[in-house]
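Structure first, commentary second.
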Amino acid sequence: MKELLKVQNLRKTFKISAKQQKIEKTKERIKVAVDDLSFTAYEGEVFGLLGPNGAGKTTTLRMMSALVKPDKGDVLVDGASVVKNPEEVRKKIGFLTSELKLEEFFTPNYLFTFFSELHGVDKAKAAARKQSLFEKFGITKFAEVKVGDLSTGMKQKVSLVISIVHDPDIIIFDEPTNGLDVLTAKVVTDFLLELKEQGKTIVVSTHIFSLIEKICDRVGIVIEGKMAVCDTLASLTAEKSLEEKFFDIFAERAGGLNEK
Amino acid sequence: MKNSIMTIMKKEFTRFFTDRRMVLTTVLMPGLMIYLLYSFMGSGLASQFETAEDFRAEVCAVNLPESMKEIAKSGAPLEFKEVAENETEQLLEDLETQEAVYDLLAVFPEDFDAQVAAYDVAAAGQAPAVKIYYNSTDTDSQTAYTMMTEALDAYESALANKFDVNPGEEVYDMATEEDMSAQIFSMMVPMLMMVFLFSGCMAVAPESIAGEKERGTIATLLVTPMKRSHLAIGKIVSLSVIAILSGFSSFLGTMLSLPKMMGTNEGVNASVYNMSDYILTLLVVLSTVLVIITLVSIISAFARNVKEATGWVTPVMIISMLLGVTSMVPSLCMTEPVWFLIPLYNSVQSMNGIFSMDADVVNIAVTVAANVCYAGIGVFVLAKMFDNEKVMFSK
């Protein structure tokens with residue numbers, strides 16, 4: 001299988017402000033968010049990054065989508081390097097995270113056209129794709145309603161649709177069902193499965209075990225910025241449930257729940 | 001109820017006084033800036049008066065009486081040059097066109113001293129009259145006029161009002177409508193334009209840059225394949241257009257209302273300027289807006305939110321107002337092209353030149369070229385900032 005996304009020895013550190021040092025009761029000036037992290041996602045597979053809050057999942061995804069630069073290491077997205085050619089990487093991926101917001105003043109209709117133009121999508125193709133995605137997610141009747149007036153679930157659906165206006169082959173979703181009601185979460189999960197069937201390569205970060213079990217082929221467990229385990233879902237869950245396996249690994253690597 | 005009021009007040013005060021930036025920009029900065037602004041204006045005006053103290057008025061006089069020669073000799077800052085009556089027409093023309101090498105033309109009646117001595121105040125007949133012609137739009141002429149009338153007033157008082165100065169309806173101020181308009185517009189418009197243009201830029205740029213950061217929408221743009229420089233140029237050009245519309249509206253309002261504001265709507269109007277003056281003004285305004293928008297955008301990109309951006313931009317706005325005041329202080333109006341490389345100051349002085357009908361095309365060209373260069377550098381800096389995660393994702 002083709003290696004469509006290759007993460008190589010990524011490292012990312014952040015300076016800790018004096019204020020943050022006080023809050024975290026530490027004298028460390030630097031926080032290592034991601035430490036020598038590597039994995040590969042093959043064409044057509046769904047790769048899940050599983051880990052607790054603050055494990056470095058989001059930072060990893062932000063480096064993969066060329067939003068922030070790694071201190072060390074690289075990510076090759078279909079051959080394009082996030083370090084050397086970030087614009088090419090951004091063309092190839094669709095990235096969705098809760099940190100990316102849409103201008104509330106505009107309508108879904110306007111925003112879809114706007115982002116299609118930024119991605120250089122042909123007008124006719126964009127119109128057809130808009131119709132198809134809007135119908136699938138039930139956005140059509142809200143197409144001319146300002147984003148600010150939409151419900152949280154509808155906003156998330158619009159964000160998801162906007163992130164894939166250019167029909168990318170590689171999709172990176174950070175906590176795609178976080179904060180959604182069960183109905184919207186199901187719509188998103190079903191859509192991820194549909195994308196998988198279409199042969200898209202998907203990397204999804206989450207701390208929801210059921211989502212991983214439902215859609216992922218392979219799983220990477222990230223603890224304290226490091227890749228603790230990276231294996232197929234089948235191997236990981238051969239003897240124990242994913243949840244049990246995770247807590248075993250977590251206890252071994254991070255010293256257990258009580259110490260966290 | 002009192003407790004709730006106190007609780008709310010305490011919360012508001014804690015919010016305000018524990019935010020050092022807010023205290024600085026809201027409480028300390030305005031006082032400091034106003035102190036600097038007024039001190040600056042004061043020293044500028046004082047320097048004008050200092051020049052006036054050394055000044056000696058050069059007065060062409062027809063039928064110069066002995067009494068005036070005595071006044072000049074006794075220490076009055078007046079230097080008389082006797083001229084013939086048939087020269088007055090040419091002298092008045094020179095005064096009107098500001099080409100005169102003298103400051104005033106004083107016309108005394110023949111045998112002024114004898115007429116004054118013979119004049120009986122109680123008889124209430126026609127008193128001997130002195131006519132003093134000047135040009136109020138020429139600083140030296142205006143100063144000389146004040147000195148001359150002061151000297152004559154003192155002499156007249158000593159003689160128990162035995163003569164008149166500038167009697168009747170005759171026009172003695174040789175300033176033309178054009179001169180008066182140019183003087184008023186060149187003093188007021190540059191400063192007002194700087195305020196209006198800056199206000200226009202402040203209204204849009206912090207919201208568009210810091211606002212997008214604050215709301216998280218800039219990150220959504222940054223994950224698209226668009227070049228950072230395209231984002232910077234797109235923002236700056238569109239914001240400039242909006243700011244120019246705002247500035248243009250202010251400009252129109254200023255030009256139309258200024259004569260009324262000055263209380264001289266008869267004689268002062270914007271029609272004294274021709275199309276080339278307006279085209280030059282437009283060029284200066286366009287390039288100025290580019291500079292201001294770029295500056296405000298860069299500051300806004302550093303800020304974490306709109307409030308912080310507005311706070312940081314305010315001192316810069318006050319500095320631009322300070323520079324705007326230089327059009328009112330002749331000693332601060334430089335004419336060498338090198339001064340026109342200084343951003344904002346160059347815009348004020350270029351507008352001052354245009355509105356005083358003394359525009360130097362080289363200086364305006366330097367201004368426009370320099371401003372476009374500064375805006376270009378600003379776009380480059382902004383593009384780099386858009387690519388800098390520490391700036392873009394600072395919390």
Note: B:381-392 gets an average of partner chain Cβ contacts (10 Å, Cβ to Cβ) equal to 1
Checking B:Ser141, B:Ser356, B:Ser249 against a Gaussian network model of chain B (alpha-carbon springs below 10 Å), the top fluctuating residue turns out to be B:Ser249
Between chains A and B, the summed loss of accessible surface on complex formation, probed at 1.4 Å and reported to the nearest 100 square angstrom, is 1800 Å²
Ordered by number, the residues of region A:60-90 that have at least 50 Å² less accessible area in the complete protein assembly than on their own chain alone (1.4 Å probe) are A:Leu67, A:Lys69, A:Glu87, A:Arg90
Projected onto the charge dipole of region B:274-395 (unit charges on the beta-carbon of Lys, Arg, Asp and Glu, signs +1, +1, -1, -1), the Cα from B:Trp312, B:Val289, B:Tyr345 with the largest positive-side position is that of B:Trp312
Rounded to the nearest 5, the percent of DSSP beta bridges in region B:52-175 running antiparallel is 20 percent
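How many percent of DSSP beta bridges within chain A run antiparallel, rounded to 5?
55 percent
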Surrounding charge for B:Tyr155, neighbours by C-beta under 15 angstrom, Lys/Arg +1, Asp/Glu -1, total -4
Checking rank on B:79-88, A:155-164, with mean other Cβ inside 10 Å and highest first, the result is A:155-164, B:79-88
Descending accessible area (1.4 Å probe), largest on the left, turns B:Glu93, A:Glu87 into B:Glu93, A:Glu87
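Please list A:Thr177, A:Thr26 from largest to smallest accessible area, probe radius 1.4 Å, with all protein chains kept in place.
The ordering from most to least exposed comes out as A:Thr26, A:Thr177.
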antiparallel share of DSSP beta bridges within the protein assembly as shown, to nearest 5, in %, is 45 percent
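Give me the 1.4 Å probe accessible area per residue for region B:51-94, excluding ligands and nucleic acids, in Å². Please report the intermediate quantities before stating the final value.
On the way: 2670 Å² over 44 residues.
I get 61 Å² per residue for region B:51-94.
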With +1 on the Cβ of every Lys and Arg and -1 on the Cβ of every Asp and Glu, the dipole magnitude of region A:1-139 about its Cα centre, in debye rounded to the nearest 20, is 560 debye
Rounded to a whole %, the carbon-and-sulfur portion of the accessible area of chain A at a 1.4 Å probe is 49 percent
For chain B, the charge dipole (Cβ of Lys, Arg +1; Cβ of Asp, Glu -1; about the Cα centre) points to a positive end, and the Cα of B:Gly234, B:Tyr145, B:Thr224 closest to that extreme belongs to B:Thr224
Ranking B:Met275, A:Ala33, A:Ala143 by how far each Cα lies towards the positive end of the charge dipole of the protein assembly as shown (+1 on Lys and Arg Cβ, -1 on Asp and Glu Cβ), the top one is A:Ala33
Each residue of B:224-233 has, on average, a number of other protein chain C-beta atoms within 10 Å of its C-beta equal to 4
For region B:178-392, the per residue accessible area (1.4 Å probe, Å²) is 40 Å²
Under a 1.4 Å probe, counting only protein heavy atoms, A:Phe142 has an accessible area in Å², nearest 10, of 70 Å²
From DSSP H assignment alone, runs of 4+ in chain A each adding -39500 (n - 2.57), the sum over residues rounded to the nearest 500 puts [θ] at 222 nm at -11000 deg cm²/dmol
If one builds a Gaussian network model of chain B from Cα atoms under 10 Å apart, the most fluctuating residue listed among B:Val27, B:Val107, B:Val59 is B:Val27
Expressed per residue, the solvent accessible area of region A:162-216 in Å² (1.4 Å probe) is about 37 Å²
Rounded to the nearest 500, the 222 nm mean residue ellipticity computed for chain B from DSSP H runs (n ≥ 4, each -39500 (n - 2.57)) alone is -22000 deg cm²/dmol
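Would you kindly calculate the translational diffusion coefficient of the protein assembly as shown, applying Stokes-Einstein with the Kirkwood radius from alpha carbon pairs, for 10 °C and a viscosity of 1.306 mPa s, and quote it in µm² s⁻¹ without decimals?
Value of D from the Cα-based Kirkwood radius: 51 µm²/s.
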Using a 1.4 Å probe on heavy atoms of the protein chains only, the accessible area for A:Asp74 in Å², nearest 10, reads 30 Å²
Shielding of A:111-117 by other chains, given as the mean Cβ count within 10 Å, works out to 1
Once all protein chains are kept in place, A:Arg253 shows an accessible area at probe 1.4 Å, nearest 10 Å², of 120 Å²
Treating only Lys and Arg (+1) and Asp and Glu (-1) as charged, each at its beta carbon, one finds that region B:136-191 has a dipole about its Cα centre, in Debye to the nearest 20, of 200 debye
If every Lys and Arg gets +1 and every Asp and Glu gets -1 at its Cβ, then about the Cα centre region B:178-392 yields a dipole, in debye to the nearest 20, of 940 debye
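Taking each full run of DSSP H in chain B as one helix, which ones are at least 24 Å long along their axis (Cα atoms) and have mean Kyte-Doolittle hydropathy of at least 0.0?
Helices meeting the criterion: B:29-54, B:177-215, B:228-261, B:275-302, B:306-325, B:361-386.
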Per-residue accessible area, 1.4 Å probe, largest first, puts B:Tyr155, B:Tyr172 in the order B:Tyr155, B:Tyr172
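The values are calculated or read from the model by the stated rules, or taken from the named source; none is laboratory data. Everything quoted here is computed from the prediction, not taken from an experiment. Here Cβ is always computed from backbone atoms with ideal geometry, including for glycine, and neighbour counts include all displayed protein chains. Remember, those area values only see protein heavy atoms, side chains included, never the ligands or the DNA or RNA. Shrake-Rupley method; radii C 1.70, N 1.55, O 1.52, S 1.80 Å.
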